[in-house]
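Novice: Questions regarding the structure given below will be posed in turn.
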Amino acid sequence: DKYVGALDSQWKGGRVINKGYIYVKVYDDDDYYLMVSHDGYVAEHRLVMAKHLDRCLERWEIVHHKHTKYPSGSAEDKQDNRIENLELMSSKHTHNAITILEREIAKLRQQLEDMKAKIKLCEWRIKELEGDRKVS
């Protein structure tokens, strides 16, 4: 005899993590059962958005994490499934374009911080050289 769900000794509350994302077990009597994958789980961020919209999501609809609290791609961001951190995308192409732009923005922000640090070093060196000139 095999136990299922909460009766199984391996039961972890119907939540698993895969590739940083939380997946939730959904049963066939649930209104959102149409969204399950072959193993009976739904990505939690998709389930949160579906419940927010009060409808099942189409397979082609993408739920994007907006990185409101944690860095893009981090495990914390992938698991931040508050509705204010989620945005429904109309297609994979739109989501991919946004992801590319977010990465480019992050790269430019890092370059800006690097340039600010170099400017401070240059300003410090200029003051040091001006001080040396006054002493001589």
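The values are calculated or read from the model by the stated rules, or taken from the named source; none is laboratory data. Everything quoted here is computed from the prediction, not taken from an experiment. No Cβ is skipped: glycine too gets one built from the backbone with ideal geometry, and neighbour counts run over all protein chains shown. Only protein heavy atoms, including side chains, enter the accessible area calculation; ligands, DNA and RNA are left aside. Shrake-Rupley method; radii C 1.70, N 1.55, O 1.52, S 1.80 Å.
Novice: Cross-link list Lys51/Lys92; Lys51/Lys107; Lys78/Lys118; Lys66/Lys107: which exceed 28 angstrom alpha carbon to alpha carbon?
Specialist: Values: Lys51/Lys92 21 Å; Lys51/Lys107 35 Å; Lys78/Lys118 34 Å; Lys66/Lys107 17 Å.
Pairs exceeding the cut-off: Lys51/Lys107; Lys78/Lys118.
Novice: Related question: Using the heavy atoms of the protein chains and a 1.4 angstrom probe, tell me the accessible area per residue for segment 14-58 in square angstrom. Intermediate results must be reported in sequence, preceding the final value.
Specialist: Values: 2830 Å² over 45 residues.
Accessible area per residue, segment 14-58: 63 Å².
Novice: Label points 7 Å out from Cα along the Cβ direction at His52 and Lys107: separation in nm?
Specialist: About 2.9 nm separates the two model spin labels.
Novice: Tally up the carbon and sulfur contribution to the accessible surface of segment 49-96 as a whole percent, 1.4 Å probe, everything protein left in place.
Specialist: Working: 1490 of 2980 Å².
That fraction is 50 percent.
Novice: Could you compute Rg(Cα) / (2.2 N^0.38 Å) for the chain, with N its residue count?
Specialist: Values: Rg = 24.2 Å, N = 136, 2.2 N^0.38 = 14.2 Å.
With N residues counted in the chain, Rg over 2.2 N^0.38 Å equals 1.70.
Novice: Expressed as a rounded percentage, what relative contact order does the chain have, with Cα pairs under 8 Å and six or more residues apart?
Specialist: This gives 16 percent for the chain.
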